[in-house]
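The values are calculated or read from the model by the stated rules, or taken from the named source; none is laboratory data. Because the structure is predicted, anything quoted here is derived from the model rather than measured. Virtual Cβ from ideal backbone geometry, glycine too; neighbours counted across all protein chains shown.
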Amino acid sequence: MKHNSTATQEKSQALLTAAPGLVWGLLGVGAFSLTVPLTRIAVSGGGMDPLFVGSGRAVIAALLAAVSLWITGQKRPSMRQCIRLGVVAIGVVAGFPLLTSFAMTSVPASHGAVVIALLPAATAVASALRTKERPRTAFWLAAGLGALVAVLFAAINGGGVAGLHGADFLLFIAVVVCSMGYAEGGLLARELGAWQTISWALVLASPVMASLTALSLSHGVPSASFSGWVSFAYLGVVSMFLGFIAWYRGLGLGPMSLVSQVQLAQPVLTLGWASILLGEHLGWSTVVGGLAVIACALLAVRTRNVDSTVPEVLAVDR
């Protein structure tokens, strides 16, 4: 009885210790959960060019990042770190926003949420490859099964394999490049700091993203609805910047293995927002597909956490 009591006290103490990290982590996940539905509103109902949405939001975030870096007097990254920041910029700043913006012009937000639910498992795979870990077979099986379930879900919703949308391929590519960016960003965060890493990546990518924004504006400023502009502002200020500060803060407070799993709640929240904000009907295939992908991602993340022989990298979902 005494042993059980001691074990219970230790678990309670561990949860109390992790509480601040979990709170910050949940704030980050809550911020990111609106990204896909609001992107859908901006490019579909809001009438905005997906190129403008995908690039313009990064320009807004880059301005905020540059000011933050300047005010706090952050030391500039080395040339080698800048090259690695390029990987983060390609995956997180450019790849994911642009690919999802174009994808959301033709598929529902709930559909995108299920496919993007692969991101935690994909990030775990990218992290394992990047750090040359050797997880058990169960890890690879869980990650592979999650990918298979996501493909089957997309095929079923499209009326079969031949009915897969071009948007589905964009979403899968978005997951791949974003997971690579997260894995490299996690390693850099140990050297530069968490929020500093995403800030430097935003600044590094700003010339390209500003050029793409200017290109999208070559035919004039979008005549978007009020909801479209509000959604765009949220994507730039919160999804691309403030959400990262909260999420990285939570991971920094840790324990990372516990806080990182909070991101598995994001697809559920996104499906809820898609229903509330967009009125999308959540059919049985969407619910079952989402739960199946989340379950596989949870198994992959937990298996990697148990078997990892090196410190974890930040596995962050936008």
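Some points to look at:
- Test: residue in the range 216-224 that is within 25 Å of His111 (Cβ to Cβ), modelled with pLDDT under 80 and either out of contact with any Ser or Thr (no Cβ under 6 Å at 6 or more places or on another chain) or not in a helix (DSSP H, G or I) (or both): no
- In this structure, Ser218 does satisfy being more than 14 Å from Ile90 (Cβ to Cβ) and either surrounded by 20 or more Cβ atoms within 10 Å (Cβ to Cβ) or over 19 Å from the mean Cα position of the chain (by Cα) (or both).
- Selection of the range 220-239 for residues being in contact with a helix residue (DSSP H, G or I) (Cβ under 6 Å, 6 or more places away or on another chain) and within 18 Å of Ala62 (Cα to Cα) yields Ser231, Phe232, Tyr234, Leu235, Gly236, Val238, Ser239.
- Count of the range 43-92 residues which are assigned to a helix (DSSP H, G or I), closer than 29 Å to Pro222 by Cβ and touching a Pro at 6+ places or on another chain (Cβ under 7 Å): 5
- Checking each residue in the range 297-314 for being crowded, with 22+ Cβ neighbours inside 10 Å and either modelled with pLDDT of 80 or more or assigned to a loop (DSSP other than H, G, I, E, B) (or both) picks out Val313, Leu314.
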